[in-house]
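Visitor: Handing you a structure now.
The values are calculated or read from the model by the stated rules, or taken from the named source; none is laboratory data. In this text the structure is predicted, and so the values were computed from the model without any measurement. Note: ideal-geometry Cβ built from the backbone for every residue, glycine included; neighbour counts use all protein chains shown. Heavy atoms of the whole protein, side chains included, go into the accessibility calculation; ligands, DNA and RNA do not. Shrake-Rupley method; radii C 1.70, N 1.55, O 1.52, S 1.80 Å.
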Amino acid sequence: MELGDEIRDIFFLECADLMAELHGKLAEVEQGGGDVEDLNAIFRAVHSVKGGAGSFDLPELVGFAHIFENVLDLLRSGKAEVDDPCTALLLQSADTLSDLVEWSQAGETIDPDAYAPALAKLEAFADDHAEDDGGEAEDFVFAPVSLGDSPGLPPLPGLPDLPGASDLPDLPGLPDLPSLPDLGASADTQGGFTLSFAPHADLYKSGLNSFRLLEELLAAGAQDLCVHDDALPDIADAEPDTLYLRWTMRFGSDVMREDVEDILFFAADKCTLDFSDGPSGQAGENSLPDLPDLPELPQPSLPPLAGTAEAPIPEIPEAIAPAQIPDKPARAEKADPGETAKQSGTSSRKAPPPTIRVVLDKIDRLINQVGELVITQAMLDESINEADLHRDPNIASTVKDFRQLTMDIQELVMAIRAQPIRSLFQRMGRVVRESAQKVDKSAKLVLEGEFTEVDNTIIESLADPLTHMLRNAVDHGLETPEGRVKAGKPEMGVVTLSAAHRGGKVVIEVIDDGAGVNREKVRAIAEEKGLVQPGAPMTDTEIDNILFMPGFSTADEVSTLSGRGVGMDVVKRSIQDVGGKVTIRSTPGEGSRITITLPLTLAILDGMLVQVGSEILVLPLTSVVETVLAPEGTIHRMGGTSTMVEVRGALLPMIDLGAHLGLPTKASGSGNVVVIVESDDHRWCALKVDAIIDQRQVVIKSLEENFGTVNSVSAATILGDGRLALILDAEQLSHLMVARTPTEDATQAREAAHG
């Protein structure tokens, strides 16, 4: 990879962070929690994108970001109000800017029609709120006012008479002073700051262009640009890829230093920047000429003022007595930090901690090595136990410390790959807005728990399922504005997307306040399509879960959002692929709640080790409900193909894992060891095993990458003694058993167990 391509990749990585910050601040503004500081952060993000895009010759991105900047500048200066239409415009503009960044990164030819609507709205907003002064402002003229002519102020009594102008002696004439050169100074030269911009000699080799940077600085308000060529060698000795020039310039008080720093953000490590307060003090082409020595002026003698020696001190009239002067507010003993930050214009928010960028593949390899360390630690424990060395206190203490250290390293490495789910959640706001527009509905997205940390690989796999779920919530869940008003609801529907850690798992929920699932319609369509038997008894939960069947759709016609029956079944398969579960609950007239339960990571699994014959198998603890010891009298064969086990008076479908997997099993003896597991749709079923060994964390090894797909098996792991153990797919096993047994028996068993 060439250096220019590497810098370009870094720029687009920075753009991803900037766009995440932009969408996050806009979400706060949309929910009414934004302030001026949020607008400044949004402005800086757009400005940084524009500055970097200018360095890489991306005119469409630069042009759109520039107009976006103008609108944001009107908002943060108070010339325009951030109301609902304005917020909608900002959200649309941010979506369009994200598209432009994505298209530019992919190197695609950008169609002007793709971003023309948003650009036109921004330009119209800027034109509508631009100041119209009707001409240049008049110069301010200072005119002294006589206090004696001012109304409302009585003459001060007791003051002596001052001599008139005719009583003063004549002063000697002053010599003519040399005229000063016209510096072209304006009002904004007072205050401000000066910048010395000295690029390193190898600036061009990094892919940056000093000419474009100077253009950006001039556009930001740089004045009195002065070039210094003292380091420029003879033309014969000059290298074409080496920069020898440096510049100084000044900025008025209306320019923020942060804006200048944003322009030079990508060049900060390739140049030397020196900021100084006040106008430029550099001596150069515009320096002042030496002034001649002024002649010494004679000291005139003034006559004493009449009556000054005997004049008494006048009394202060009642009109301005001290009692009528307001007291000066007392200084607070300790100022409020937030108030102090507002007055000083600075932020009281903590700066984000420093970060570094690491290629995800390196993190994955590190996690794999930590997994091998966990396996090695388990093998060490096994070897020490077999050698009966665990009785030695020194060895036992060392092994215990090593085990704890291994767990700490494992948790830290897992935390490295864990990322806040906020970046994914923020992208979903656009899905809701566009879906609502396509079906002529009014909807907004509310985010909760967006800082919940999830394994990065899981976050990547959630984009498509969440998109389907949110589109389904808007298209099928929410009513039309007219229907909501008739139902006594607000015209705008609310879709809530939340995330939280619960019981060692990540729980993501999509909740809408719509009409809920129309179960009569769902069942009728399912029977018509042959997905369920007509007239078969079904609970509300079972009817709701029909929505996850392949090919099922309640849409009356095919649209851009739905109607082809490839929505919720894709959601379920995608969630199952990452070891998760998805369930739905609905209340007619109140809305629906779809819950996704995910493991914290795809590398480590909390499992129950069971023995079947001579093999050790692993059951995910997330699927295990309980374990029971079932006597032979509680086992019932039905029709020679199905087996049921009686648990507390209820019948559960049961499968013998040994017979199902082709493994020889031992005699049951006085009882059968049964593990009850639960499927995504809350169905319970039983797995018969020979013995339960232990519960522990195991390192997941993919079978599909190293071998192939195995029925009823999701992955494998390596035990402490070096043996391979298969990780069972409890979800697939439960559906296999439910498919060949009456569904009402499983429901009855679940209800009896709870009761």
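Visitor: Specify the residue that is surrounded by the fewest Cβ atoms within 10 Å (Cβ to Cβ); the eligible residues are those in the stretch 619-650 that are at pLDDT 85 or above and among the acidic types (Asp, Glu).
Guide: Top of the filtered list is 626.
Visitor: Which count do you get for residues in the stretch 31-49 that are open to solvent by less than 20 Å² (accessible area, probe 1.4 Å) and not small (Gly, Ala, Ser)?
Guide: Result for the stretch 31-49: 7.
Visitor: Could you please give the count of residues in the stretch 584-605 that are within 20 Å of residue 506 (Cβ to Cβ), in a strand (DSSP E or B) and open to solvent by less than 40 Å² (accessible area, probe 1.4 Å)?
Guide: 9
Visitor: Provide a single number: the residues in the stretch 651-666 that are open to solvent by 50 Å² or more (accessible area, probe 1.4 Å) and not in a loop (DSSP other than H, G, I, E, B).
Guide: Matching residues across the stretch 651-666 total 4.
Visitor: In addition: Scanning for something in a helix (DSSP H, G or I) and either surrounded by fewer than 19 Cβ atoms within 10 Å (Cβ to Cβ) or among the aliphatic types (A, V, I, L, M) (or both), does the stretch 489-504 turn up at least one residue?
Guide: Scanning the stretch 489-504, I find no residue that is in a helix (DSSP H, G or I) and either surrounded by fewer than 19 Cβ atoms within 10 Å (Cβ to Cβ) or among the aliphatic types (A, V, I, L, M) (or both), so the answer is no.
Visitor: Go through the stretch 484-502 and report how many residues are touching a strand residue (DSSP E or B) at 6+ places or on another chain (Cβ under 9 Å) and of a type outside the set (Ser, Thr, Tyr).
Guide: 10
Visitor: Quick one: in the stretch 258-278, which of the residues that are at pLDDT 85 or above and loosely packed, with under 15 Cβ neighbours inside 10 Å is nearest to residue 205 (Cα to Cα)?
Guide: Among them, the one singled out is 272.
Visitor: Related question: Of everything in the stretch 95-133 that's under 29 Å from residue 424 (Cβ atoms) and not in a helix (DSSP H, G or I), which residue is most open to solvent (accessible area, probe 1.4 Å)?
Guide: Within the stretch 95-133, the match that is most open to solvent (accessible area, probe 1.4 Å) is 109.
Visitor: Something else about it: Is there a residue in the stretch 60-67 that is open to solvent by less than 10 Å² (accessible area, probe 1.4 Å), touching a helix residue (DSSP H, G or I) at 6+ places or on another chain (Cβ under 7 Å) and touching a residue at least 60 places away in the same chain (Cβ under 8 Å)?
Guide: No: zero hits.
Visitor: For the stretch 705-727, give me the residue count where each residue is of a type outside the set (Lys, Arg) and more than 19 Å from residue 623 (Cβ to Cβ).
Guide: Residues that pass the stated criteria total 11.
Visitor: Is there a residue being in a helix (DSSP H, G or I), modelled with pLDDT under 80, open to solvent by 40 Å² or more (accessible area, probe 1.4 Å) and out of contact with any helix residue (DSSP H, G or I) (no Cβ under 6 Å at 6 or more places or on another chain) anywhere in the stretch 692-701?
Guide: The answer is no, given that none of the residues of the stretch 692-701 is in a helix (DSSP H, G or I), modelled with pLDDT under 80, open to solvent by 40 Å² or more (accessible area, probe 1.4 Å) and out of contact with any helix residue (DSSP H, G or I) (no Cβ under 6 Å at 6 or more places or on another chain).
Visitor: Let me ask something else. Quick one: in the stretch 231-251, which of the residues that are of a type in the set (D, E, K, R) and modelled with pLDDT of 85 or more is surrounded by the fewest Cβ atoms within 10 Å (Cβ to Cβ)?
Guide: Of everything passing the filter in the stretch 231-251, 246 is surrounded by the fewest Cβ atoms within 10 Å (Cβ to Cβ).
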